[in-house]
Amino acid sequence: MANLKEIRNRITSVGSTMQITSAMKMVSAAKLKRAQDAILQMRPYANKLTDLLVNLSSSLDSSEGGDFSSERKQQNILFVAITSNRGLCGGFNANIIKKILSIIDSNYSNKNIQIMSIGKKSSEYFKNNNFNVIGTHDEIYSDLTYENVSVISESIMNNYIEGKTDKVILVYNQFKNAATQNVMGENYLPVEAPEEQKGAIGDYIFEPQKQKIVKELIPKSLKTQLYKAILDSHASEHGARMTAMHKATDNASELKKDLTLSYNKARQAAITAEILEIVGGAEALKG
């Protein structure tokens, strides 16, 4: 059994760790509230725009300006990996990397894989493992606005139009609640109608012309889709970190209780040993 000083030092260390994790939990809870409000307000607008986008794209062809829905041979596959800049959030970042690797192994093992990373954790992993990282945007979280995300979206769209990429997939954590995040592998480009809608699009009257709608609505919808994905990931990050720090605090509390019990047992054993030595000495003097 460890001596009393060692146990006391461990109790002090665990207590300090518990204070840190508890403070980080409270900070994440405050940040989560703001991030959650942002994504809940954004989601209905983004979903409606997406519905308009797929309906419009299904009625267009490349001759009408549907550059973002044109069919082409898919050789260059771009993954937009949305992670966080910091750790201490459980499997939040690892799940994104695992999802991308799984999609590659299942569907694109013989394709040219490109990575655009948003968040330092994905940047570090894919660079260290010799993937073709064509862009990093780790600074986006310091000023997360629609305008700044639009710049990233425009670069993705330009690469697609120029033929540098043939398919774009967003991989991110979709926020459900503080304890649950769903890992999403979402098609970004080309724009495709859902299977149940293909071939069953109604007869629409377009005002103004389709070409003008394509130039304005589709790029705006794609920018909104990426912005929503990053907001989802941002809220998910704080939820995952708050949950991880809550569990860490609980574990530290349990460990501190166990160490305190061990300390008391060791202290009691030491006191008992001293009493036995005194009694033994007294008996020896009597003899």
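Residues in the stretch 108-139 that are surrounded by 19 or more Cβ atoms within 10 Å (Cβ to Cβ) and aliphatic (A, V, I, L, M) were compared, and the one that is nearest to ASN85 (Cα to Cα) is ILE118.
When the stretch 124-154 is examined, which residues are found to be closer than 22 Å to ILE97 by Cβ, without any contact (Cβ under 8 Å) to a residue 24 or more places away in the chain and in a helix (DSSP H, G or I)? Hits for the stretch 124-154 are GLU124, LYS127, ASN128, GLU139.
For the stretch 184-191, the condition holds for at least one residue, the condition being that it is modelled with pLDDT under 95, in contact with a Leu (Cβ under 8 Å, 6 or more places away or on another chain) and outside any strand (DSSP E or B).
Taken together, the residues in the stretch 30-84 that are at pLDDT 90 or above and either crowded, with 19+ Cβ neighbours inside 10 Å or more than 30 Å from ARG241 (Cβ to Cβ) (or both) amount to 14.
Criterion first (at pLDDT below 90 and touching a helix residue (DSSP H, G or I) at 6+ places or on another chain (Cβ under 8 Å)) does ALA200 satisfy it? Spelling it out, it is not the case that ALA200 is at pLDDT below 90 and touching a helix residue (DSSP H, G or I) at 6+ places or on another chain (Cβ under 8 Å).
The values are calculated or read from the model by the stated rules, or taken from the named source; none is laboratory data. All of these numbers come straight from a predicted model, not from anything done at the bench. Cβ: placed from backbone, ideal geometry, glycine included. Neighbour counts: every protein chain shown.
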